[in-house]
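Read-outs throughout are calculated quantities, based only on the coordinates presented, and are distinct from any laboratory measurement. The structure displayed is predicted, hence computed values, not measured ones. When we count neighbours, we look across all protein chains shown, and the Cβ atoms used for this are built from the backbone with ideal geometry, even at glycine.
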Amino acid sequence: MKKWVCSKCGYAYDGENAPAQCPVCHVPTSEFKEKTTNEEKRILTSITKLNIQYAHRFWGYIGEAQYLHGHTGTLTLEVEGEVNNTNGFVVACNSIKNHAWEYLVNFDHATILQKEDPILPELLKVYQTQGIKDGSKWNSSVGIAFDTDLAKAYPECRLVVVKKVATVENLIEIFYSLLKNTLNIKKLTFTSGDNAASFNVK
């Protein structure tokens, strides 16, 4: 099995041929170089942070969090791999951030609700009445839509519907599920207000 490395961002790929394009920074296959076995091997971690502003509430919870409220969250992504001796990256931090943001922008300035929350259909009715349910010219940050076992994004109206209550612990699970196939994530930490959770990948 050959190892290919993206010369722009450092993403590593194992296969007989390089991928058609880099899934992280989207450059074409011509930007991939085959890694030779005699190159020095250094394993390090690239770390980057993303800020996410969102509103949510805990449906069925007794306490202040049952009310709709907002947070500023910070997600720290730690990606491990071999240092590319050509460009000095494991994966370029800007490429990690840009790639992660393609999915996670769906959570920014968005409302996150559980699918059984009675506010959800009412919110969609309001958006429909306003004419913004299917998008508007003011919604300029539209991410990649996703529909997984954990969550579904509605990028046009800045809404994410989750299967479990949107705690930092459950949100970090969603973030990992969206990024694990393209980034060799070793640890995620999500801080939101006074609360935080971290996940070490084994």
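Ignoring the sites themselves, what is the longest stretch of the chain with no chymotrypsin sites (Phe, Trp or Tyr not before Pro) in a DSSP loop and at most 13 other beta-carbon atoms within 10 Å? Could you put the intermediate results ahead of the total?
On the way: sites that count: TYR61, TYR67, TRP138.
Formally, the longest exposed-site-free interval is 68-137.
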- Report the net charge of residues surrounding LEU68, where surrounding means a beta-carbon distance below 12 angstrom and charges are Lys +1, Arg +1, Asp -1, Glu -1. -2
- Message: Loop-only GluC sites (Glu not before Pro) in the stretch 80-148, please: DSSP not H, G, I, E or B, and at most 16 other Cβ atoms within 10 Å.
- Response: GLU116
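Counting Lys +1, Arg +1, Asp -1, Glu -1, what net charge surrounds VAL142 among other residues with beta carbon under 9 Å of its beta carbon?
Details: positive: ARG158; negative: GLU156.
Here the charged neighbours net out to 0.
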- Task: With Cα extents along the principal axes in Å in mind, check (i) 53, 39, 34; (ii) 62, 51, 29; (iii) 60, 34, 25 and report the label derived from this structure.
- Result: (iii)
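Could you state, as a whole-number percent, how many of the C-alpha pairs of the stretch 94-202 are farther apart than 16 Å? Could the numbers behind the result be given before it?
On the way: 3640 of 5886 pairs.
Everything past 16 Å amounts to 62 percent.
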- Identify the trypsin sites (Lys or Arg not before Pro) of the stretch 47-115 meeting these criteria: DSSP loop state and at most 15 other C-beta atoms within 10 Å of the C-beta. LYS115
